[in-house]
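All remarks here apply to the structure that follows.
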Amino acid sequence: MNDMEWVAKWLSKAQGDLTAAQRLLNDFHPPQLDISCYHSQQCAEKALKGYLTFKNHNFPFIHDLEQLCLLCINYDNSFNKLLNNCVDLTPYATQTRYPDEIEIEDQDAKNALIKAERIFAFVDDIISDIDNHKS
């Protein structure tokens with residue numbers, strides 16, 4: 001499998017998490033806020049790992065989006081604008097998996113989804129732009 005196939009696999013997994021987060025928030029009654037936040041975080045994590053794969057960077061298998069974003073900044077300073085989003089999403093990687101770890105309100109889940117969509121779109125656009133210029 002070549003590098004772009006791995007990148008596509010990461011982005012496909014990220015898109016799947018994004019779709020899950022959207023559906024859990026919008027299509028379930030009551031909305032599954034904590035699980036939606038978890039998938040929002042997972043979307044962002046996989047998108048960032050997809051970018052690092054695109055750059056042939058052997059990233060650590062961590063859930064800390066801030067650290068992953070800082071690695072991306074080493075390649076492209078424009079990732080700085082995602083840093084706060086990454087910081088905000090990071091707790092959802094683990095704290096949403098256990099009862100009473102974190103209280104999530106409706107607006108928290110909506111904000112998490114917006115941040116995940118922003119991160120995914122940003123990474124997808126960068127990879128698409130660079131890959132299209134290579135062709």
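A few points about this structure:
- The chain: angle of helix 106-134 to the longest principal axis, Cα-based, in degrees nearest 10: 10
- A Cβ-based charge dipole, computed about the Cα centre of the stretch 3-129 with Lys and Arg at +1 and Asp and Glu at -1, lands at about 360 debye.
- Residue pairs exceeding 21 angstrom between C-alpha atoms, taken from Lys55/Lys115; Lys49/Lys81; Lys13/Lys81; Lys9/Lys55; Lys9/Lys110: Lys55/Lys115; Lys13/Lys81; Lys9/Lys110.
- Cα gyration tensor shape for the stretch 1-90, rounded if a/c is under 1.5, else prolate or oblate: oblate
- Between Ser78, Ser12, Ser36, the GNM of the chain built on Cα springs shorter than 10 angstrom shows Ser78 fluctuating the most.
- For the stretch 66-124, GluC sites (Glu not before Pro) meeting the loop criterion (DSSP other than H, G, I, E, B) and having at most 13 other Cβ atoms within 10 Å: Glu101, Glu103, Glu105.
- Listed as lacking a disulfide-compatible partner in the chain: Cys37, Cys43, Cys72, by the criterion of no other cysteine Cβ under 4.7 Å.
- Model label points for Ser78 and Asn111, set 7 angstrom from Cα along the Cα-to-Cβ axis, are 2.6 nm apart.
- Calculated mean residue ellipticity at 222 nm for the chain: -23000 deg cm²/dmol, from DSSP H runs with n ≥ 4 weighted as -39500 (n - 2.57), summed, divided by the residue count and rounded to 500.
- Of the chymotrypsin sites (Phe, Trp or Tyr not before Pro) found in the stretch 1-83, those in coil by DSSP whose Cβ has at most 11 other Cβ atoms within 10 Å are Phe61.
- Under the criterion of Cα pairs below 8 Å and six or more residues apart, the relative contact order for the chain equals 30 percent.
Readers should treat all values here as calculations from the given coordinates under stated rules, not as data from a laboratory. Source: prediction; values computed, not measured. No Cβ is skipped: glycine too gets one built from the backbone with ideal geometry, and neighbour counts run over all protein chains shown.
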